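Comments concern the structure below.
The numbers here are math on the coordinates, done by the rules we state, and not lab data. The model shown is predicted, which means the values in this text are computed figures rather than measured ones. Methodologically, a virtual Cβ is constructed for each residue, glycine included, from the backbone with ideal geometry; neighbour enumeration extends over all protein chains shown.
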Amino acid sequence: MRIIDFDKQAYKKQSVLKAIYSLSNIYSLKLEITDDRYCVFLESASIKENIISELKIAITTRVNDFELRYHIAAETKEVKLLLLAKALSSGGIYDDLADEIWK
Amino acid sequence: MEVVKRQKFKPKEHYNSPGYKLLPFKYLHIDSTNELIVGASGDYVIAPIGSVEAIVKRRPISNEKLMRDLHAKHIIIDEYESGGLDVIANRIRTKKDHLLQLSSLHIFVLTLRCNHTCHYCQVSRVTQDKQSFDLKKTDLDHAIELMLKSPSKFITMEFQGGEPLLAFDLLKYAVETTLSLNTDKRINFVICTNGTIYNEEIIKFCLKYDILISTSLDGPEFLHDSNRKLRKGSSYHDVIAGIQYFRNALGKDRISALMTASSLSLKYPQEIINAYLENGFHNIFLRPISPYGFALKSPKKNYYETQQFLEFYEKAFEYILQINLKGTFFREDFASVILKKILTPFQSNYVDLQSPAGAINSVLVYNYDGYVYASDESRMLAEQNDYSFRLGHVSDGYKKLLTSDEALSVFKNSLNEALNGCSDCAVSDFCGADPVFHHAIQGDAYGHRPTSGFCEKNMSIIKYLIRKLEESTSVRNIFYEWISAK
Amino acid sequence: MINLSSRGKVENLEGQLVGKLRPSKGIKYGFELVNSLYDPTNEDRVVALVSQERLNSQLPNIFNLSNYKILAEGDVVYINDQGVLDILYRRQSKHNTLFITDQCNSYCLMCSQPPKNKDDFDFHYFRNKCLIPLMDEETEVIGITGGEPFLLGDRMIEILEDLKSQLPQTTIHLLTNGKVFAWNDWAEKMEQFKENLILAVPLYSDNFVDHDYIVQSNGAFRQTMLGLHNLAKYQIHIELRVVLQRPTIKRIEELSLFITKNLPFVESVAFMGLEFTGLAIANKDKLWIEPSEYASALKKSVFLLDRFGIRVNIFNMPLCVLEPELRDFATKSISDWKRSYLDKCEHCSAKSDCGGVFGTSRQLTNEISPL
């Protein structure tokens, strides 16, 4: 477990959430917000330093809609996995057709 | 006819479920008033800014068309039925279907020798030294063996250089050896030539094996000759004569041309297109110089900002649309690659815009030095002594090559679904990943999207094309014609 | 219009019979009804007589029939002790069908063949089982229709097996709502028939609300979509059927786009004019729309699919109500026995190319005018 801890004073809330959202696409994580701090709990302890720096870049450069993005990511996480699992297990139904029509 | 005792018909509301679940979708602002919302299937909806927030926060949406669109494009799903997920899963699978084939494009760099000295070329040598710059026969044998082991049933064997026709004997040997060893694949042959080397023997050979010719044409004479230098004489004259010669002998559709935009080219979008039209072409690939270190040996001629290229692209593209609107079919090929991703459920087989990246997954390069590279750009990097994407020697065998550290570094950074800056980008489905580019430009195969020229160029063109698609039915019809033309 | 069903008088018959008509040397205005099924040792077993007037015979005899004149050698008919004669098969026609059931698991607003709740499976199954061996081997196409044919269950597979073994050259054109194929094992069962089988499946909209409303059945859209995808796995030929009617017309272009994206494997798409009978009459206010109101949307839809490479047909629309560019897509789809023309069509130069209108329709568009 790796915990990344942010001071609310230092980072606007929106930026942190946005960055966290970005990370949530790659890592399994949990967020806790207190009065003065954001804590990100990452299940993987081996997170690379460049990801941390990515997080910091994200905090400083992203636009103001991360809360929404975070919401979408959180709500659709399970169905996304389900879709991928189904995609991996189902038969390729268009293979021949694609060859025929589009190649 | 008898009418049965009727059941009571129920109104439409009875079949509507007001609640819904979100499906994984992404969005961005496509212009100052609208959001582009793209679902997991790659289908999109354009809606006024604020729609996404209303959808996510379950604010009532009175626009019935929007609600129907959101369902039909797989952005949201009704609460009670999950059977719809199977259809979307099939869509996802279809888009990634090419992965089951693994590499289907196999590039053979037969020689680095060339009769041209183009200033944007990174690799060619004007030399008679066959020993050091031609692929060795034993290495070629290994490479053919590797190629034929690919799981793909359809293979393209592409000969590059240098100028591969300067090594015609080797080329002949490669084609004939491949055909004698092949048991179960359909193989297309392509020769990438500068178009200035041709004779009856070459023509006979191309006819016999149904070989396609791909050549280079940068635009009108003054521009072409400024970019592409022959030691003496005009490359333009030679290549136009060559194109005619090949066309007469092989058939009009057996020869195609590629252009590369130098700094000078950016000033002449219409002239370039006119040169293609005048020379009987019905398509063009508007292609920037990959701004790799080696192309920048002459920065004045070859360095420009992505933004400059984009301005050139749009000017050229608008001109192309005018030509089409006047009734002449003329296609821009890069747009067609993207439009195919947008308008059809299938993937394009263009290797430079895929996720996972085309490098290794769709293409392997067997270089004159006997080594296997992840992509064409990878072997160009090697000419700058950067061997990051050299997978190993042709004699190493499939398993060793594809599990090498170099290969793994490509794979690891080649899924835009899992790259920061791409994973939440609404147009990533229509785009790709390019670890080799990001390694070359940013020193990190993972890449940093906010400052990436790859990202800037592709996002800008994709958004532009979507706006064009929505703009008018006649443009939309042209786009359909482009992608359905063989 | 031809009436395939009629009622006359009958003698010497108990129960029901199916047989093939054969001219008789002895009778001037009548046929022998032959069916070896009733006596495998005698291929020429005459089981009844069908005649214009009463014959003096020991054999079952049916006569005084209103549709007697259209009977022809090689046709297969059903008769029963109530004096009913149904023509099950006409050898000279291209529009023969096996009717499976009146029952359905949808209740479409515009259904021309309103579903009934009566259990009629055995009745029709009997007729079809008798009919299949009597049909001409040269028969090009046989339709299968209902109701929903697959409600018959495993016996529907049996019928397909019979067709496959007895009429190996015949194309089977089967109308189904496709819901059953949401269960993959049913799609898999179709694989053995795929060479000669086309499944014609209606899809009314690109979203569940509009489709489920039209078919008056919750979950129908999802089941049909999943069914279509399951069928595609086994490369079953599919014809999608889109009915042109008011509630779904405004998303017809979106539906076409939806088909290119989600159902690119279909063999063809048929846009169908409404047959204004059955339930459609009760729902006239909701459904009725004049062709000119959707001409432009239809044109765009047809061209979109055509450009994409999916074959498009327009069914049940007289040529004169279609835009000139669309006339090549029109098909003479109305079964010969239902087809009719108006008086004014007599002067039309395109009549011989035109599929006419439904003789069964209670109302026709006002836009018909000779070309």
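Just a few scattered comments:
- Solvent-free Debye scattering, log10 I(q)/I(0), computed from the Cα coordinates of segment C:174-332 at q = 0.12, 0.13, 0.19 Å⁻¹: -0.51, -0.59, -1.24
- Rounded D (µm²/s) - chain B, Kirkwood Rh over Cα pairs, Stokes-Einstein at 10 °C, 1.306 mPa s: 65 µm²/s
- Taking the number of Cβ atoms within 10 Å of each Cβ as an exposure proxy, the fewest-first ranking of B:ASP210, C:ASP206 is B:ASP210, C:ASP206.
- All Cα-Cα separations within the protein assembly as shown were binned at 20 Å from zero, giving a P(r) of 12, 36, 31, 16, 4, 0, each value a whole percent of the pairs.
- Simple Cβ-charge dipole of chain B, Lys/Arg +1 and Asp/Glu -1, about Cα centre, in debye nearest 20: 920 debye
- Order of B:VAL190, C:VAL266 under a 10 Å beta carbon neighbour criterion, fewest first: B:VAL190, C:VAL266
- A Cβ-based charge dipole, computed about the Cα centre of segment C:225-297 with Lys and Arg at +1 and Asp and Glu at -1, lands at about 240 debye.
- Listed by chain and number, the aspartates and glutamates whose alpha-carbon sits under 16 Å from that of B:LYS12, ignoring those within fewer than 8 places in the same chain, are B:GLU64, B:ASP78, C:ASP206, C:ASP210, C:ASP212, C:ASP285.
- Segment B:154-198 and segment C:257-331: distance between their alpha carbon centers, rounded to Å: 49 Å
- Net charge over other residues, Cβ less than 11 angstrom from the Cβ of C:LYS94 (K, R count +1; D, E count -1): +1
- Whether segment C:268-371 is rounded, prolate or oblate, judged on the alpha carbon gyration tensor where a/c under 1.5 counts as rounded: oblate
- log10 of Debye I(q)/I(0), alpha-carbon scatterers only, for segment B:245-288 at 0.19, 0.27 Å⁻¹: -0.62, -0.98
- The lysine pair tally for segment C:288-371, using Cα distances under 23 Å and a gap of 8 or more places or different chains, is 6.
- Cross-linked pairs C:LYS261/C:LYS286; B:LYS301/B:LYS457; B:LYS468/C:LYS261; B:LYS208/B:LYS252; A:LYS80/B:LYS399: Cα-Cα separations exceed 22 Å for C:LYS261/C:LYS286; A:LYS80/B:LYS399.
- The share of alpha-carbon pairs in segment B:315-436 lying farther apart than 19 Å comes to 57%.
- Tilt relative to chain C, helix C:252-262 - C-alpha long axis, 0 to 90 degrees, to 10: 90 degrees
- Cα gyration tensor of segment C:1-91 - equivalent ellipsoid semi-axes, whole Å, descending: 18, 14, 13
- Per residue, the Cα convex hull of segment B:117-273 amounts to 134 Å³.
- Once backbone amide H atoms are built at 1.01 Å from N, B:PHE25 has no partners under 5 Å, excluding neighbours fewer than 5 places away on the same chain.
- Residue order for C:VAL242, B:VAL410, fewest other beta carbons within 10 angstrom first, comes to C:VAL242, B:VAL410.
- Expected-Rg normalisation [2.2 N^0.38 Å, Cα atoms] applied to segment C:1-154: 1.08
- For segment B:411-472, the convex hull drawn through the C-alpha positions has a volume of 71 cubic angstrom per residue.
- Surface/4 of the Cα convex hull for chain C, nm²: 19.1 nm²
- Inverse of mean 1/r across different Cα pairs in segment C:76-165, Kirkwood, Å: 14.0 Å
- In order through segment B:242-254: 3J(HN,Hα) via Karplus (6.51 cos²θ - 1.76 cosθ + 1.60), integer Hz, x for Gly, Pro: x, 4, 4, 4, 5, 4, 4, 7, 9, x, 4, 7, 8
- Of the beta bridges in the protein assembly as shown, as assigned by DSSP with both residues counted there, near 50 percent are antiparallel.
- Among beta bridges from DSSP that stay inside segment B:94-194, the antiparallel ones total about 10%.
- Other-chain or far-sequence residues with amide H under 5 Å of C:ALA48's (modelled H): C:LEU33
- Centre-to-centre separation between the Cα atoms of segment B:366-417 and those of segment C:187-234: 46 Å.
- For segment C:97-105, 3J(HN,Hα) per residue [Karplus equation, 6.51 cos²θ - 1.76 cosθ + 1.60, θ = phi - 60°, Hz, x = Gly/Pro]: 9, 9, 9, 9, 6, 8, 7, 8, 9
- Over segment C:167-254, the Kirkwood radius and the radius of gyration, each from Cα atoms, give a ratio Rg/Rh of 1.01.
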